Each structure stands twice: as structure tokens, then as C-alpha cells.
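Comments concern the structure below.
The values are calculated or read from the model by the stated rules, or taken from the named source; none is laboratory data. A quick note: this is a predicted structure, and the numbers were derived from the prediction, not measured. Using ideal geometry, Cβ is built from the backbone for each residue, glycine included, and neighbour counts are taken over all protein chains shown.
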Amino acid sequence: MPVPVLSAREATSTASELAERFAKGAAERDSDRILPVEELDELGRSGLLAITVPAEQGGADLPVAAVAEVFRLLATGDPSIAQIPHSHFVYVNALRHAATPAQQAFFFGEVLAGRRFGNAQSEIGTKHVRDFRTTLRPDPAHQTELWRLDGEKGYATGALLADWIPVLAHLGVDGPMHVAWVEREAAGVTVVDDWNGMGQRTTASGTVRLDDVAVAAERITPYHVTFEGPQTYGAFAQLLHAAIDAGIARAALRDAAEFVTTKSRPYPDAIAELGIERHADDPTVVQAFGELELAVRAAEALVAEAARAVDRADAELNADSAGAASLAVAAARGATTDAALGTATRLFEVSGTRAALDSLNLHRHWRNARTHTLHDPAAWKVRHLGRWALDGQLPPNHGQL
């Protein structure tokens, strides 16, 4: 069934409604590691996964600012559900950058029909995260019309519950990087649900094994060309990570406020010296919540500004505009990392001992924040900001900025 084509207002309204529903079961899903299969199906039916399909292909073609807000809202409900389609949006973007018109027509049609993309990008055991061994080799009987794919990928968020798995691989031995689009149920494809991280526990970010998988030439798109000139591909991907962290921060603050106003007991000295009846009226608690609100608002504002910077760069793309977008996203990543970790940590400080009960699972906010913010180091984002502030040096042109 075709999914609805949403306006920006409809997209954010739908994301807000879904986030509210997803929040109700988030603690239980995390505690029992229940994958959000039904929730992801509902997300797909909503039309939210199709909001970046180009208008000329029948899609909503919403601005990046709307996409970032959708991710932030979803993450306030359940950040695992928000993270699962991250690669879906990144590879829709990859198609916009480098696919042929025929490939775009086919895959954007798949998205508008409600189908989902996963990813098989990262590899474990290589020298660094941008070092890849997986290689597409020509099929001896069909030359370059058919290719064969072998390899193993890790951290494959979204692959388990996807219809298509974009696989990042060399085209030929030591050849340029391409994306091989592999059907989830294709022969030789195995997706292992072996993710055992302490946080983001229900993202199914497991292992993809590829054993002599046949890939037709028309299902291979170039990846390397995206970085041959100015691009916002990396900034867009990083922005969505920042939006997820901002959502985690807001959810932690929301749950802390709910706990403090309904369950926390006032400290005896506050009763004796100040005569307060509620823990929420303790001036030290009020001050702490004010500081947390300030940090979360600042992070949210930087996410919104970074999204607008990406939109501005896309409208007039050059080295300066792309660099400005990457710097804006770097600032958002730094701020959202601090806000998510800080809020999820101070949640216990302001709530009291009872908040640490395992049965309440409030610690999932810190576990989610700590796990997701490890995706790639925020310290390097800050370093690039420092180089810009000192010498006006633009950041490097790659997919992690």
C-alpha cells in the first residue's frame, strides 16, 4: 500500500503522536529487550519514512529542518525506534546524490510503497571505521552485468527489520566504494540479532553476513563520487544523530520532572530550614532543573540551527556553505552529547535514592545516551570547531561531519 505524503506540519504532528505512544512501552521493551517490530511497522505506515523522497518522484521532499525535528520527537518517545531508520534516511540521501534516474525511480518507488532500508556499512576488526574489506567481484559467467558479494558487517542497525540492505563495498579489488543494494531475504544474506550493548538495546544493531550474494549491476550505486566535491551528506547523517541525542536529553528531563513532582520525598533539612512540603519546591532542586532545562534548550536550538544550515547549503552548495553546515552540525553534536549525558546523569541527583531502583528503569536514559553518543567522538567535532575559530579552517570533506 502506498504511504501518505506528508506536509512538514503533518510530519511533526505525526511524529509527536507516535512518540507519545512509543514512550508508554519504551521502559519495558528496553528491560526485556523486546524489538519494536509493531512500532516500526506503524512508523512505516505513517508515511514518515518517505518524507525525503524528491518531489519529482512523488515524495514530500521535506526540508532537513523538518526531518531533524521528526527524529528528535521520535527519540523523546523511544530513541531505539528513532535510531533504527537512521540509515534508511541516509541511504535515501545517497540515492539522491549518486543513483541513476532509473535507480532513483525504482528505489524511491519502494520507499513510497512503504519499504524500509537498513544498512551494512561498518566492519569490525579493520584498522579504523572508514577501512573496508568487503568487495564486489564480477561473476565470471556474466562479467560486469552481475557481481558477487562476500563479507561480514557489524553494527548493522535496521538490517534485521529491513526490506533492502545497502552494503558498502569496493567495486573490484581496491576499487572505489559503491553501495550494493541487497534484498533482506536474498540467498546468501544472513542477519544475526546479536547486538548486546548496554544501551539502545532494541535497535537490533547486529551482524550481516554475505555469502556469495548475487548483485545485478543495476542494483549498484556509486558512493565515492559523493565526496568528490562539496557535500552535505555527512552533515545530514550527523545531524540526525544529534537530534536523537537531543530527544534522549528531553525525555530524561521529562521523566525526572515527573518523578520529582510525584514520588520524591523532600530532604529533612529542607523541611526544617525552609518549611517546604514538596521535594520539587527545594531551591536546590529548582535550580538544578533550571540548569538542565537551559542545557536541553540550548542543544535543541543548536540542532534546529544546524538543520537550517544544511538546508541553506543544499540551496546553494559550495565549499563554504558545506563547511558551514558541517560546523553547525559539529556544534550540535557537541551540545547534544553533553546535554544527553548530563541530564541522564543528574536525573538521579535531583530525584533521590528511589530513582535508582532497577524496576523503574530510569537508568535506561543514561545507558541510551552513553551508548549512542559513542557513535563517533564528539571531541573531534569540537576540535574542528576550534580550528575554525582560530584559523578559519574548514572541516574535512567526509561522511562523518
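In region 136-155, the residues that are under 30 Å from Asn196 (Cβ atoms) form Cβ pairs under 9 Å with partners that are aromatic (Phe, Trp, Tyr) and not in a strand (DSSP E or B), at six or more places apart or across chains, as follows: Gly151/Phe132; Tyr155/Trp195. Take Val213 and tell me if it is buried (at least 20 other Cβ atoms within 10 Å of the Cβ), at pLDDT 95 or above and not assigned by TED's automatic domain parsing to the domain that holds Ala180. Criteria not met by Val213. As for region 266-273, it holds at least one residue that is of a type in the set (D, E, K, R) and more than 28 Å from the chain's Cα centre (by Cα).
May I ask you to verify whether Ala299 is within 25 Å of Phe227 (Cβ to Cβ), assigned by TED's automatic domain parsing to the domain that holds Leu341 and under 23 Å from the mean Cα position of the chain (by Cα)? Considered against the rule, which asks whether it is within 25 Å of Phe227 (Cβ to Cβ), assigned by TED's automatic domain parsing to the domain that holds Leu341 and under 23 Å from the mean Cα position of the chain (by Cα), Ala299 comes out as no. Filtered by the rule that a residue be closer than 18 Å to Thr371 by Cβ and surrounded by 22 or more Cβ atoms within 10 Å (Cβ to Cβ), region 335-350 gives Thr336, Thr337, Ala339, Ala340, Thr343, Ala344, Leu347. Residues in region 342-359 that are in contact with a Leu (Cβ under 6 Å, 6 or more places away or on another chain) and free of Cβ contacts under 8 Å to residues at least 24 places away in the same chain: none. Of all the residues in region 348-365, those that are of a type in the set (A, V, I, L, M, F, W, C) and touching an Asp or Glu at 6+ places or on another chain (Cβ under 7 Å) number 1.
All conditions but one from (1) part of a loop (DSSP other than H, G, I, E, B); (2) under 19 Å from the mean Cα position of the chain (by Cα); (3) within 30 Å of Glu145 (Cα to Cα) apply to Thr207; the one that does not is (1). Within the bounds of region 296-309, is there any residue that is of a type outside the set (A, V, I, L, M), under 30 Å from Leu357 (Cβ atoms), assigned to a helix (DSSP H, G or I) and without any contact (Cβ under 8 Å) to a residue 24 or more places away in the chain? Scanning region 296-309 turns up at least one residue that is of a type outside the set (A, V, I, L, M), under 30 Å from Leu357 (Cβ atoms), assigned to a helix (DSSP H, G or I) and without any contact (Cβ under 8 Å) to a residue 24 or more places away in the chain.
The C-beta contact set for region 253-277 (first residue free of Cβ contacts under 8 Å to residues at least 40 places away in the same chain, second residue of a type in the set (Gly, Ala, Ser) and surrounded by 10 or more Cβ atoms within 10 Å (Cβ to Cβ), distance under 6 angstrom, 6+ apart or interchain) comprises Thr261/Ala280; Ile276/Ala270.
Taking each residue of region 1-17 that is among the aromatic types (Phe, Trp, Tyr) and looking for partners that are surrounded by 15 or more Cβ atoms within 10 Å (Cβ to Cβ) with beta-carbon atoms closer than 8 Å, six or more apart or interchain, yields nothing. Given the structure, is Phe108 among the aromatic types (Phe, Trp, Tyr) and in the same structural domain as Ala50 (by TED's automatic domain parsing)? Judged against the criteria, Phe108 is a match. Ile51 passes every criterion in (1) out of contact with any Asp or Glu (no Cβ under 9 Å at 6 or more places or on another chain); (2) farther than 26 Å from Ala186 by Cβ; (3) touching a residue at least 40 places away in the same chain (Cβ under 8 Å) apart from (1). The set of residues in region 145-168 being closer than 27 Å to Ala82 by Cβ and assigned to a strand (DSSP E or B) consists of Glu152, Lys153, Gly154, Tyr155, Ala156, Trp164, Ile165, Pro166, Val167, Leu168. Summed over region 277-295, the residues that are assigned to a helix (DSSP H, G or I) and touching a Phe, Trp or Tyr at 6+ places or on another chain (Cβ under 8 Å) give a count of 1. Please count how many residues of region 175-194 are assigned to a loop (DSSP other than H, G, I, E, B) and in contact (Cβ under 8 Å) with a residue 24 or more places away in the chain. Residues that pass the stated criteria total 7. Checked against (1) of a type outside the set (Asp, Glu); (2) assigned by TED's automatic domain parsing to the domain that holds Gly44; (3) buried (at least 16 other Cβ atoms within 10 Å of the Cβ), Phe117 passes all but a single condition, namely (2).
Scanning region 119-134 for residues that are touching a Leu at 6+ places or on another chain (Cβ under 8 Å) and more than 20 Å from Pro85 (Cα to Cα) yields Phe132, Thr134.
When Val215 is tested against (1) of a type in the set (A, V, I, L, M, F, W, C); (2) within 21 Å of Leu95 (Cβ to Cβ); (3) assigned to a helix (DSSP H, G or I), just one condition goes unmet, and that condition is (3). Within region 374-394, residues that are outside any helix (DSSP H, G or I) sit with their Cβ atoms under 8 Å from residues that are among the aliphatic types (A, V, I, L, M), at 6+ positions apart or across chains, in these pairs: Asp376/Val129; Leu394/Ala319; Leu394/Leu327.
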